[in-house]
Amino acid sequence: MSENTQRPDLKINGSGTAAGGDYGLIRINGSGRVTGDLTCDDFIINGSGEASGRVESQTLKVNGSGRVADDLSSKEVKINGSANLGGEVSCETFSVSGTADVKKGLKAHKVNINGSVKIEGDLSADEFTSNGLFEINGLLNADNIEVRLYWHKSRAREIGGEKISVGLGKGGLGVIKTLFTGIHYPSLVADSIEGNDISLENTTAKVVRGNNITIGAGCEIGLVEYKGTFHKAGGAKVAEERKI
């Protein structure tokens, strides 16, 4: 139990269901379900756990399989297993080493992806870092965006930020090795990318717009619009470039 509150803890070690409410620690080690809205300090799922309503917590950690049916508000969200988040997600830090499926939007101070994330809505953050795989069906918007590509194809409908850097991660497979191993060629795909300082590798986009832009190897860009400087590496494909 938390030292500064008299709220009860909730622990499910086998199979069980509990009502929502106000708790200190919630820990599910077996198969558990919490019905209704809940608030808590820490919500830890080591087995299979579900919250059927809204969740407000200090931390949410999923080491097994977890589901939150409605909105989630937390300081820290850490997904090491598999999580299905059915509502809007608002947090300070959002980190994924496993897989996460966010059915609506995500707002965070810092997002760190080392696993796989799918977001149906928009993602808004101050810092966005990815060494994994992401699919964002709306806008990816962050002050600082750093994407390192390894084995698969990541997607976002639109990308906007102050500083955007996309490149191959260390140890990422080259084209020839990828063809022989059958692993997907690492790349990022977006309709539009807009920012102040943009540096791209292995990126396919219809429009890239910004101040200072560098288009590197493996890129296929329809239109580049820039105000300051523009550099294109050998092998990069840019159909049209325009200084504005």
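Only the coordinates and a few stated rules stand behind these numbers; no lab work does. What you see is a predicted model; the values in this text were computed from it and never measured. Virtual Cβ from ideal backbone geometry, glycine too; neighbours counted across all protein chains shown.
Here the chain is treated with +1 on each Lys and Arg Cβ and -1 on each Asp and Glu Cβ, and its dipole about the Cα centre works out to around 780 debye. Computed from the C-beta positions of residue 207 and residue 151, the FRET efficiency with R₀ = 25 Å rounds to 0.40.
For the chain, adding -39500 (n - 2.57) for each run of n ≥ 4 DSSP H residues and dividing by the number of residues yields -500 deg cm²/dmol at 222 nm.
Spin-label model, residue 139 to residue 220: label points 7 Å out along the Cα-to-beta-carbon direction sit 2.7 nm apart. Of all lysines in the structure, those lying under 19 Å Cα to Cα from residue 107, and not within fewer than 8 positions of it along the same chain, are 61, 75, 78, 118, 163.
Per-residue extension of 0.36 nm, minus the Cα-Cα distance of residue 244 and residue 9, leaves a gain of 78.6 nm for this segment. Taking the Cβ of residue 195 as the center, what net charge do the other residues with Cβ under 9 Å away carry, scoring Lys and Arg +1 and Asp and Glu -1? Once all neighbours under 9 Å are counted, the net charge is -1.
FRET efficiency for residue 19 and residue 101, Cβ-Cβ distance as r, R0 = 35 Å, nearest 0.05? Result of the calculation: an efficiency of 0.85.
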